[in-house]
Each structure stands twice: as C-alpha cells, then as structure tokens.
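The block underneath contains the structure these notes are about, expressed in structure tokens.
The values are calculated or read from the model by the stated rules, or taken from the named source; none is laboratory data. This structure is a prediction, so every number in the text was calculated from the model and none was measured. Cβ sites come from the backbone with ideal geometry, for glycine too, and all protein chains shown count toward neighbours. Quick note on the areas: whole protein, heavy atoms, side chains included, nothing else; ligands and nucleic acids left out. Shrake-Rupley method; radii C 1.70, N 1.55, O 1.52, S 1.80 Å.
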Amino acid sequence: AGVAAMPDSKLAVLGTDFDERKVEELVLAGQVSLHRTRWRISGGLTLAGLCVAVVQALLETQSRLFVIEEDCFAYTTTDHLLFSFLELSRLLRFILFNLAPLADDAVMTRCILLLDALFWALDAWYRHNYLQNVSRHQSIIFSVFSSLVILGFGWAGVAARVQQQQARMWLVAAIAVCAWIGLNALRAALVAWRYHCLFPTVWSTLEGLVVLRIYLAANLREAIHARLRKCAHRRSATRAAAGISGLVGGCSPRDVFLQASARFRCVELHSLCLDDIRSSTPDTRLFQLSMPIKLGNCDAFVSHSWHDDADAKWCALRKWCEEFKQAHGREPTLWFDRCCIDQEDIAGNLKCLPIFLRGCRRLVVLCGKTYLERLWCIIEIFTFFHVGGANEDFELVHLLQAGAEAEEAEFIARSFEGFDVRNCRCTVQADFDRMMVIIKAAFGSLDAFNERLRAVMPTLDRVGSLTTAFPDD
C-alpha cells in the first residue's frame, strides 16, 4: 500500500557469462597504471629536485655567502640576483621533493623525508664550516634551526599512516619556511635600519612568501598532482583503473579473483525481514542466511545508504523483487552487504568489492536523500561502471515520501548536479581516510574525481530511473 507501481522496462536479466580473464586484466591494468604513475610523477619530481640541488651546490661553491652586514654597500646587482636565485632554488628543491610521493605511497614518503633531512644536514654542515670563522652567532643560529627541522622530519617519519606522515611533512616544511622568512626579514630590516642599504635576504623573504601558499594550501598541492596525472595518463579510464587497483591493494589479480570466488554470496529477500535492514550493526546470524554463488550468477548488487529510511528501502526492494519474479518466474538473488559480508573479516571482503560488483548482473541503487552523502555508495557506483558495468545494467530507484514526491525528487536531482566527494561521510573514519587516499592516488585531487563523477551522474539520473513513493507512517 502506498507504493507506486514500477515500470517493467528494466527487468530483463541482461548479464552475460562472467569473464574471469577480463576482470583479471582490468585489475592488472590498474596496478600497472598506478605503478607507472609512481615512476613518472614521483621519480620525475625527485630527479628534478636532485638536479636543482646540484645546481644550487655548484653555485654556492663558486660564490660567497652573504653574511657580513657591513658589506651590503659592496653588493652589486649581480650579487642580489645570485642570492635571489640560490634562495629560490632551495625553496624549489624543497617543494619538488615534498610533492613527489603519491597520496598512498608510504615508502616514497619516508624516502623523501630522509632526503629532506639529508639536504638540511648538508646545508647546515656547509654553512657551519663557512660561518664559524666569519660570524659565529649566525653559525650557531643556523645549526640549531637546521637541527630542529631535521628532528621535525624524523617526527613525520614515525607516524603510523601515510596521510599522517605527509601531513606532518608539509607542516614541518611550512613552519621551516615561515621561520626562514621571519629570520631573513628581520635581518634585512635591521641592516636597512642600521646601514640604510638593501641587504640580499630581502629577496628570500619575498620569494618565501610567494611559495608559502603551496606549503599551506592542500587543495593547491592536489591540483598540481591532478595536473601531473593528466599529463602522465591522458585517458580518464586509466586513472579509474588505478583507483580500482587501490581498492584491491597489493594483491595479485589472480589472488583477488580466487578470494572473491570463495567469498561471493547472495541472499533471497524472503529470508529477510524489515528489521534486518534497519541497522548496519554486524550480525553473524544474517551471514548464515546467505549462500555461496558463482560469480556472474547473482541477479543484483543492492547499493543503499544505511541513513535512508528503512521502511522506504524495504518497500522498494520488495516491489523490485516482485516485478522481477513476475517477469522471470523466480525470486532474484541479491548481494546485500549485511548478509553477504563475513562480519569477522570485513576488510578481506571489501578488498574483493570490484569483483563482487562485476559478479552481479546489475546494480540496483536505492537512492534516498542521504545516498549521495555516503562515500561507500559513491565508490560502489564508480567501481561498477569501471569494471565493465553498462548503463542498461544499472537501475536507480528513487525513494520519495508520499505527498512530497516533487520536493524530494528535486532535492535528489540537486544532489546529483552539485555532487562533491568532500561532502561524503563514512561511519568508520578509517574507511573514509582509506577511500580518500585511494581517490587522491588515482586522480591526484578530489576535484578531479568530482569532475569524473559529475560527467557520469547526469546519465545515471536518466538511465533505468524508477520511482517508489512510500507512506510517511
């Protein structure tokens, strides 16, 4: 009662035999793509940073360090330009190194932290040897300053997760640059006040202020990474494949397929009741209701938000299953997360998500007002289409309150148009952090991922779109 009849235009079983080889090739292609991206971006930026460091070292050995304030009258325009270039090269080297690691690359992040610490130590050693006979107090100040920066990089390296390491790395870099700007500005001001001339450190102050934005603005760094990925991989499908490989982790395609085959299960709706879909709390009893099934033989992967109305989802799912039974003479088999994931090994099952999605003949999305706010829901849609799912295998079921259909349909439409992954949430923060790392590693930035999803979503809102109204009591 209160449930509008669904059109039957999308009820034929459209799936073909499961193509094991194609799925393995897709996962392998994603892993190869991600590996090449690491070499091209991380390797290229590191090499560029090393080249800048070599040029900087050669110039410093051939020139004097500007440490004697009394000599400021003797500095020529060439001296000012040389000092400006040396300071800029130091800042540029710092930026190139810190941009090198991808968002999920813990090994490269630690290597860069080691390089940062090494070059700061070399700078400190070189300046100490030069300054100790010229300006002892400057030698002490720079040595203490460099030691603190090196300790900061060590603090970043001991963080447990890669995103923590990179956040700390950029924080230490920003603090170091701010301190460097402050010291140079103070020195330039004192010389200008005392000797009434321009000291070269004023240029490092101005350059530092210009590049400081990169150290402080994470969105700008993401935009740089996204641009580099577009240069490395012109095809968006290649970046999408890299994202899928991030879900399966470092496992070989064959191992992922074998694990997914052993874990793939389905459930029939008659085994469930309304209370079973009210809560996402793990319940081993529900897992026992599901049964193993061969990949490719499950009729539908049910994607939904646990924050949408349970009664609405139950009505929609029952109606969908009734229409399917009328068309095919049997109940559909469903992949429903709470029943088909072993609650004692959730992480192992989620690693198989791309295979599970490809192993179902269609994706049925129960789309209520919160659906596009849940990150796992977005990942499911994204993964479905990039493991070979077609538009005709996709069904979007709108969950609309009876009497408020127009308002809620407009709200969902606006959610599609203004989708931003930054507004998505996960119940488990660790899942959210992991998904964000995967997205950034594959696409470079959240904006690049948004751009990709927004290109697909208008099609999703039209293809296979069904509407279910449900009573408010």
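Assorted remarks:
- Centre separation in Å (Cα based) which lies between the stretch 347-367 and the stretch 158-183: 39
- Total charge dipole magnitude, the stretch 313-422, about the Cα centre, Cβ charges on Lys, Arg, Asp, Glu only, Debye to nearest 20: 260
- Stretched out straight at 0.36 nm per residue, the stretch from S147 to Q326 would grow longer than its current Cα-Cα span by 57.0 nm.
- Cα gyration tensor shape for the stretch 242-400, rounded if a/c is under 1.5, else prolate or oblate: rounded
- Prolate/oblate/rounded call for the stretch 322-425, Cα gyration tensor, a/c under 1.5 rounded: oblate
- Fraction of accessible area attributable to carbon and sulfur, the stretch 257-308 (%, probe 1.4 Å): 53
- Pairwise FRET efficiency - L118 versus V55, Cβ, R0 = 22 Å, nearest 0.05: 0.80
- Using 0.36 nm per residue and subtracting the Cα-Cα separation, the extra length available between C273 and F432 on full extension is 54.3 nm.
- Rolling a 1.4 angstrom probe over the protein heavy atoms with all chains in place gives the stretch 301-347 an accessible area of 40 Å² per residue.
- Descending Cα extents along the principal axes, the stretch 296-346, whole Å: 36, 28, 12
- Rolling a 1.4 angstrom probe over the stretch 394-462 with all protein chains present gives an accessible area of which 50% lies on carbon and sulfur atoms.
- Theoretical FRET efficiency, 1/(1+(r/R0)^6), r = Cβ-Cβ of R36 and A223, R0 22 Å, to 0.05: 0.55
- Residues of type lysines that K313 reaches as a straight line, Cα spacing below 29 Å, ignoring anything fewer than 8 places off in the same chain: K10, K294, K325, K351, K369
- Distance between the pseudo-spin-label points of E405 and T281 (7 Å out from Cα toward the beta carbon): 3.6 nm.
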